[in-house]
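The next block holds one structure in the form of structure tokens; read it before the comments.
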Amino acid sequence: MNSAVLVLLLINFGLIGLLPVLFFRRDGTFNLRWCLTALPFCAAVAIVISGWLGVLSPLFAGGSPLLAALQVLAVPLSAASIGLMCMTIAVHRVPLALWHQDNDDPSEIVTWGPYARVRHPFYSSFLLAFGAVMLLFPHYLTALLLGVAFVSLNTTALREEHRLEASQFGSTYAQYMAQTGRFVPRARSLFSTSGWQDDTR
């Protein structure tokens with residue numbers, strides 16, 4: 001396993017792990033749903049460290065050109081994850097609630113910065129990190145973790161979207177949802193210079 005890529009990935013997951021301290025509101029609790037959502041993140045770090053220590057073996061033989069190429073491809077995914085997380089933190093005027101909180105009624109809807117392209121840029125950055133894990137250490141477990149993370153984050157995003165649709169910002173948010181992708185930008189927003197536009201202004 002490429003040690004430099006491993007270090008980058010550990011920094012990536014370390015930043016994710018620090019988000020509750022660095023960014024999210026302090027009035028939340030680490031309830032059971034939050035812990036279940038966070039579990040794949042901890043498992044991903046444990047699996048890549050196990051691979052580095054030789055406890056687990058990748059699907060492809062060590063030293064193979066395919067494994068080396070996949071590990072190189074993990075670098076832009078992890079770098080994009082870190083960059084997107086930092087950009088998302090930078091555009092918020094008000095910190096968000098932790099996932100799965102009952103008191104997370106929105107005080108505003110953020111539709112600028114990365115949110116002009118995708119509705120959940122934090123979750124997009126997390127999925128990029130899991131993709132990087134799978135490329136760095138291709139294994140059935142890392143593929144499973146990517147799938148579990150996608151289902152978990154998609155379920156969380158759906159819950160948040162329903163809450164936003166039911167809020168005072170519901171009509172604006174419905175229009176925003178129609179024009180932006182959940183985790184991946186829609187084709188038309190990729191080619192737009194400004195991203196999402198509120199037609200009600």
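The values are calculated or read from the model by the stated rules, or taken from the named source; none is laboratory data. Not measured: the values here are computed from a predicted model. Neighbour counts are summed over all protein chains in view; Cβ atoms, including those assigned to glycine, are modelled from backbone coordinates with ideal geometry.
Here is a check on your reading of the model: is residue 13 of a type in the set (Phe, Trp, Tyr), out of contact with any strand residue (DSSP E or B) (no Cβ under 8 Å at 6 or more places or on another chain) and modelled with pLDDT under 90? Criteria not met by residue 13.
Of all residues being exposed (fewer than 14 other Cβ atoms within 10 Å of the Cβ) and farther than 26 Å from residue 70 by Cα in the stretch 166-189, which is modelled with the lowest pLDDT? Just the residue, please. Filtering first and then ranking leaves 188. Can you pull out every residue in the stretch 97-116 that is surrounded by 14 or more Cβ atoms within 10 Å (Cβ to Cβ) and either modelled with pLDDT of 70 or more or out of contact with any Lys or Arg (no Cβ under 8 Å at 6 or more places or on another chain) (or both)? Within the stretch 97-116, 101, 109, 110, 111, 113, 114, 115, 116 qualify. Here is the figure for the stretch 125-145: residues that are touching a Pro at 6+ places or on another chain (Cβ under 8 Å) and either buried (at least 23 other Cβ atoms within 10 Å of the Cβ) or not in a loop (DSSP other than H, G, I, E, B) (or both) total 3. When residues in the stretch 23-64 are screened for being over 27 Å from residue 91 (Cα atoms) and in contact with a Gly (Cβ under 8 Å, 6 or more places away or on another chain), 2 of them pass.
Selection over the stretch 86-95 of residues that are within 26 Å of residue 33 (Cα to Cα), in contact with a Phe, Trp or Tyr (Cβ under 7 Å, 6 or more places away or on another chain) and at pLDDT 70 or above gives a count of 2. Can you pull out the residues in the stretch 1-18 that are closer than 23 Å to residue 89 by Cβ and surrounded by fewer than 17 Cβ atoms within 10 Å (Cβ to Cβ)? Listed by number, the residues that qualify are 7, 10, 11, 14, 17, 18.
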